[in-house]
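Q: So that we are looking at the same thing, I have put the structure below in structure tokens.
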Amino acid sequence: MSSFLLRQGLVVGVSTFIGDVLVQDGQISEVAAHVEAPSGVKVIDATGCWVGPGFVDLHTHLREPGREAAETIESGARAAAMGGYTAIVAMPNTEPALDNVSLVSYVLDRGARTPIDVAVAGAITVGRHGELLAPLAEMAALGVRLFTDDGMGVQDSLLMRRALTYARPLGVRLAQHCEDDRLAAGGSMNEGVVSARLGLVGRPALAEELMVLRDIELVRLTGGAVHFLHLSTARSLALVIAARNEGLPVSGEVAPHHFTLDETACEDFDAVFKVHPPLRPVADVTALRSAMVAGLVDAVATDHAPHAPELKDLPFDEAPAGMLGLEHAAALTYEALGGQTSDPSQFFSLMSRGPARIAQLRAQDRPLRHGSHGGDLVAGDDANLVIFDPTIDWTVQREALQSRAMNTPYEGRTLHGRVRTTIAKGELVVHEGQLS
Amino acid sequence: MLDTIRGSNLLTLADLSRDALVEVLDTAESFVEVNQRAIKKVPTLKGRVVASLFYEESTRTRLSFETAAKRLSADVLSLAVASSSVKKGESLRDTIATIDALGIDGVIMRHQSSGAAQQVSRYVPHVRVINAGDGLHQHPTQGLLDAFSVRQVLAQRRGTTGLESGSELFQGLRVLLVGDIRHSRVARSDIAAFCALGAEVRVAAPGTLLPDEIAQWPVTVSQNFDEALEWADVVGLLRLQRERGTGSFVPSLSEFTATYGLTVERARRLRPSTLIMHPGPMNRGVEIDSRVADLPAAIITRQVTNGVPIRMAVLYLTIAGSSVEVGQ
């Protein structure tokens, strides 16, 4: 395996200091203010950059199997590496859904051939139909630690209760896409004054908040753990924060599009801005950002959702929901935390340590089949690292993205901060902003 | 805000200023006379090609647009969606690219999805797109012909002409829209037009058929339908959109008729001068009683008649822009 010396970056570990990180044989071997370069080691200048644990995405749609025209495990992993991710959790809403051992194994095996760690979230119910429990214990034995029917929350309250009771002794967490499907009424954007003017059926905030509230109460009843996916309203985030403060086993993520874009983006009927839960009013966007800055959010997760171009060319109400996320999440998080005034440890908490804890990918979680992620940059950690340069400005160009799909809502937008280097599984995967 | 639609697309009335609206109404006045001639044709758009692309059933709007285009001497490509490759799964983008490849100056588009006309306008930026109704969003030419019809009748009563009155007759005019506002693109266009022209608009509907956040619209919601009927100078009825799943929004058609239908009894509350409009097609016996629809105060067929000069004006202004004079 290769050896690297990351020279004079801002090391964001237990403490934050300018120093060197030596990587040898797939592990961090030394971290100090100054480390002598052993002979033959590749020296990477990290001056002016942040050096921290590689990012972990709790919410990646890889589309394989079933919709390889939009993304594959391989192309998604490359996009993730470009975005600074050393581990991603593949969502199970593939075709067919990842609801059994053989399909989960397929994705794990394919993922193992990529430069990063690809963990899998299994489906809670067979086929994600919300009717029968999927074999959670069998999938857990393969190392699956998150289960979700994402795209659709488990609507049936009794089934959700049983799933939580069943999941609890397995030590796994259920991740919920919270939207009451009936209240969402097949809508295609946030319900409000904009949707009413545009003549688009709206998805009310209440559809999300009601299910968040229900699931918090089911957690209280059963003791099972829930991770709340892509919280998009001020109120649902507040509910989760309050439940966590009570000591309930809940966690919550926010997605970059929800803390950077608001519902008015839909005004031109461009389906690239269609996503579930939908883009919300400015007040919610602001509330999400404030909570991030205040350290109240567990994780940023991309909900990276590639779609073939012809599907995003459909009329707004017919087009599929979802947008790309992996390659711009870090810059958008940096921006939301205040840009130049943002706190590096908070940044890595949202992008790496928080999500690694929820996905049980830290060293102390002893992940099966995967290396450890989200560590404190101490000797002995697996070498999953990122160098983030907060001084680079770059413009999003969909043609230049690694993802097979092009449905980025940030086309043409100038972002601040970019991943320069990704070291995953001990190897240099991205260097100087290029895949090696 | 646009101050003219000359050379522009017509996708919505929501971004048109009073001047832009009056310009269309005034231009339409000049085409009324053409429609009364024995030979109802002017060479205004001779050599221009207009495609009519209707993804949704329509009788009067399609006929009206195609008649308007032909009276302006435009060549009309009429795409019957049911018999085209759209049925084989061709996308909107490919369909419009195909038609565009034949060489067109304008496209008249009706679609069941809100925003479809605006999407198409992005695919063919060099072609003028005229929205003939998109989902629940807008039906601009209906809003224009409604305003035109009201101005025409009021001007005649005053012994003046629409052209001379400009927007004056709309100042303080009391317009009441009744029924399925929520699912109505006609309501959205009517509200935009009448409000911009200076009228006062009220709406009356069961709670479930009002749009979300109606409080932020430039209208007031009537709490008492009977009182609102006495208040109104113009009553605009809207079709109960049964095909859009209106069924679960009201308990039954008969309950809707009992509470918000313009029955014979309710029509007695109207002042004799009050005008009754309906964009058609009517559900006689549901939102309007058959006998009320046939009252002299009902200007429903006048609306249809005026559809042609309004659409001639729209085609002329958007496609010819400022390069051709009317009647040349």
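The values are calculated or read from the model by the stated rules, or taken from the named source; none is laboratory data. If you're wondering where the values come from, they're calculated on a predicted model, not measured in any experiment. Glycine gets a Cβ as well: all are built from the backbone with ideal geometry, and neighbour counts include every protein chain shown.
Q: Give region A:176-209 a look and list any residue that's in contact with a helix residue (DSSP H, G or I) (Cβ under 7 Å, 6 or more places away or on another chain) and more than 14 Å from chain B (Cβ to nearest Cβ), or say none.
A: Residues satisfying the conditions are A:Gln176, A:Cys178, A:Glu179, A:Asp180, A:Glu208, A:Glu209.
Q: Inspect region B:155-177 for any residue being touching a residue at least 60 places away in the same chain (Cβ under 8 Å) and within 14 Å of chain A (Cβ to nearest Cβ) and give the result as yes or no.
A: no
Q: Now a separate question. Out of all the residues in region B:47-68, which are among the basic types (Lys, Arg) and surrounded by 17 or more Cβ atoms within 10 Å (Cβ to Cβ)?
A: B:Arg48, B:Arg62
Q: Checking the condition part of a loop (DSSP other than H, G, I, E, B), assigned by TED's automatic domain parsing to the domain that holds A:Ser232 and either crowded, with 17+ Cβ neighbours inside 10 Å or free of Cβ contacts under 8 Å to residues at least 24 places away in the same chain (or both), which residue from A:Met152, A:Met160, A:Met139 passes?
A: Answer to the selection: A:Met152.
Q: Could you please let me know if A:Leu314 is buried (at least 24 other Cβ atoms within 10 Å of the Cβ) and assigned by TED's automatic domain parsing to the domain that holds A:Ser75?
A: Working: buried (at least 24 other Cβ atoms within 10 Å of the Cβ): no; assigned by TED's automatic domain parsing to the domain that holds A:Ser75: yes.
Against the criterion (buried (at least 24 other Cβ atoms within 10 Å of the Cβ) and assigned by TED's automatic domain parsing to the domain that holds A:Ser75), A:Leu314 does not qualify.
Q: If we keep just the residues of region A:71-119 that are in a helix (DSSP H, G or I) and among the β-branched types (Val, Ile, Thr), which is farthest from A:Pro309 (Cα to Cα)? If you could, list the steps in order and put the result at the bottom.
A: Narrowing region A:71-119 to residues in a helix (DSSP H, G or I): A:73-82, A:101-112.
Narrowing the set further to residues that are among the β-branched types (Val, Ile, Thr) leaves A:73, A:101, A:104, A:107.
Numbers: A:Ile73: 19, A:Val101: 32, A:Val104: 28, A:Val107: 24 Å.
Among them, the one singled out is A:Val101.
Q: For region B:187-207, what are the residues that are within 12 Å of another protein chain (Cβ to nearest Cβ) and out of contact with any Gly (no Cβ under 7 Å at 6 or more places or on another chain)?
A: If the condition is that a residue be within 12 Å of another protein chain (Cβ to nearest Cβ) and out of contact with any Gly (no Cβ under 7 Å at 6 or more places or on another chain), then B:Ala187, B:Ile191 are the ones that fit.
Q: A follow-up question, please. Go over the candidates A:Gly66, A:Gly26, A:Gly40, A:Gly48 one by one and state the one that is at pLDDT below 95 and surrounded by fewer than 21 Cβ atoms within 10 Å (Cβ to Cβ). Spell out how you get there, then give the answer.
A: Working: A:Gly66 fails: at pLDDT below 95; A:Gly26 fails: at pLDDT below 95; A:Gly48 fails: at pLDDT below 95.
When all the criteria are applied, what remains is A:Gly40.
Q: Continuing with the same structure: So, B:Ser91, is that one free of Cβ contacts under 8 Å to residues at least 12 places away in the same chain and either under 18 Å from B:Met312 (Cβ atoms) or within 14 Å of chain A (Cβ to nearest Cβ) (or both) or not? Lay out the reasoning, then the answer.
A: Working: free of Cβ contacts under 8 Å to residues at least 12 places away in the same chain: yes; either under 18 Å from B:Met312 (Cβ atoms) or within 14 Å of chain A (Cβ to nearest Cβ) (or both): yes.
Answer is yes for this residue.
Q: Also, quick follow-up: Please report, ordered by residue number, the helices (runs of 4 or more DSSP H) entirely within region A:230-315 with at least 1 residues that are away from every other protein chain (no Cβ under 14 Å).
A: Counting at least 1 such residues, we get A:234-245, A:256-260, A:282-293.
Q: Let me ask another. Let me confirm something: among A:Leu206, A:Leu237, A:Leu200, A:Leu229, which residue is more than 20 Å from A:Phe147 (Cα to Cα), surrounded by 24 or more Cβ atoms within 10 Å (Cβ to Cβ) and within 24 Å of the chain's Cα centre (by Cα)?
A: Answer to the selection: A:Leu237.
Q: When residues of region B:24-47 are filtered for being in contact with a strand residue (DSSP E or B) (Cβ under 9 Å, 6 or more places away or on another chain) and touching a residue at least 60 places away in the same chain (Cβ under 8 Å), how many remain?
A: Qualifying residue count for the region: 2.
Q: Just one of B:Ser73, B:Ser78 is more than 17 Å from the chain's Cα centre (by Cα), under 21 Å from B:Val308 (Cα atoms) and outside any strand (DSSP E or B); which is it?
A: Just one listed residue meets the conditions, B:Ser73.
Q: Another one. Restricting attention to region B:112-138, and to residues there that are facing chain A (nearest Cβ under 10 Å) and part of a loop (DSSP other than H, G, I, E, B), which single residue is surrounded by the fewest Cβ atoms within 10 Å (Cβ to Cβ)?
A: Among them, the one singled out is B:Gln112.
Q: Further question on the same structure: Listed residues B:Arg6, B:Arg48, B:Arg62, B:Arg71; which is within 26 Å of B:Gly135 (Cα to Cα), basic (Lys, Arg) and touching a helix residue (DSSP H, G or I) at 6+ places or on another chain (Cβ under 9 Å)?
A: Residue meeting the stated conditions: B:Arg6.
Matching residues to (1) crowded, with 24+ Cβ neighbours inside 10 Å; (2) over 18 Å from the mean Cα position of the chain (by Cα):
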residue	(1), (2)
A:Tyr85	yes, no
A:Asn100	no, yes
A:Leu108	no, no
A:Ala121	yes, no
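Q: Working carefully through the options B:Pro281, B:Pro251, find the one that is away from chain A (no Cβ under 14 Å), modelled with pLDDT under 95, in contact with a Ser or Thr (Cβ under 9 Å, 6 or more places away or on another chain) and within 27 Å of A:Leu200 (Cβ to Cβ).
A: Testing whether each residue is away from chain A (no Cβ under 14 Å), modelled with pLDDT under 95, in contact with a Ser or Thr (Cβ under 9 Å, 6 or more places away or on another chain) and within 27 Å of A:Leu200 (Cβ to Cβ) leaves just B:Pro281.
Residues checked against (1) of a type in the set (S, T, N, Q); (2) under 30 Å from B:Glu57 (Cβ atoms):
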{"residue": "B:Gly172", "(1), (2)": "no, no"}
{"residue": "B:Ser184", "(1), (2)": "yes, yes"}
{"residue": "B:Ala193", "(1), (2)": "no, yes"}
{"residue": "B:Ala205", "(1), (2)": "no, yes"}
{"residue": "B:Val234", "(1), (2)": "no, yes"}
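Q: What number of residues within region B:210-244 are under 16 Å from B:Asp180 (Cβ atoms), within 14 Å of chain A (Cβ to nearest Cβ) and either small (Gly, Ala, Ser) or more than 20 Å from the chain's Cα centre (by Cα) (or both)?
A: Summing the residues that are under 16 Å from B:Asp180 (Cβ atoms), within 14 Å of chain A (Cβ to nearest Cβ) and either small (Gly, Ala, Ser) or more than 20 Å from the chain's Cα centre (by Cα) (or both) in region B:210-244 gives 3.
Q: Given the residues A:Thr421, A:Thr414, which is the only one that is of a type in the set (Ser, Thr, Tyr), within 21 Å of A:Gln8 (Cβ to Cβ) and at pLDDT 95 or above?
A: A:Thr421
Q: Just a yes or no: is a residue in region A:382-397 assigned to a loop (DSSP other than H, G, I, E, B), of a type outside the set (A, V, I, L, M, F, W, C) and buried (at least 24 other Cβ atoms within 10 Å of the Cβ)? Break it down stepwise before answering.
A: To start, the set of residues in region A:382-397 that are assigned to a loop (DSSP other than H, G, I, E, B) comprises A:383-384, A:396-397.
The next check asks that each one be of a type outside the set (A, V, I, L, M, F, W, C); those that pass are A:384, A:397.
This time we only want the ones that are buried (at least 24 other Cβ atoms within 10 Å of the Cβ), so: A:384.
Yes: region A:382-397 contains one or more residues that are assigned to a loop (DSSP other than H, G, I, E, B), of a type outside the set (A, V, I, L, M, F, W, C) and buried (at least 24 other Cβ atoms within 10 Å of the Cβ).
Q: If you go through region B:141-149 one residue at a time, do you hit one that is among the polar types (S, T, N, Q) and farther than 30 Å from B:Thr274 by Cα?
A: Scanning region B:141-149, I find no residue that is among the polar types (S, T, N, Q) and farther than 30 Å from B:Thr274 by Cα, so the answer is no.
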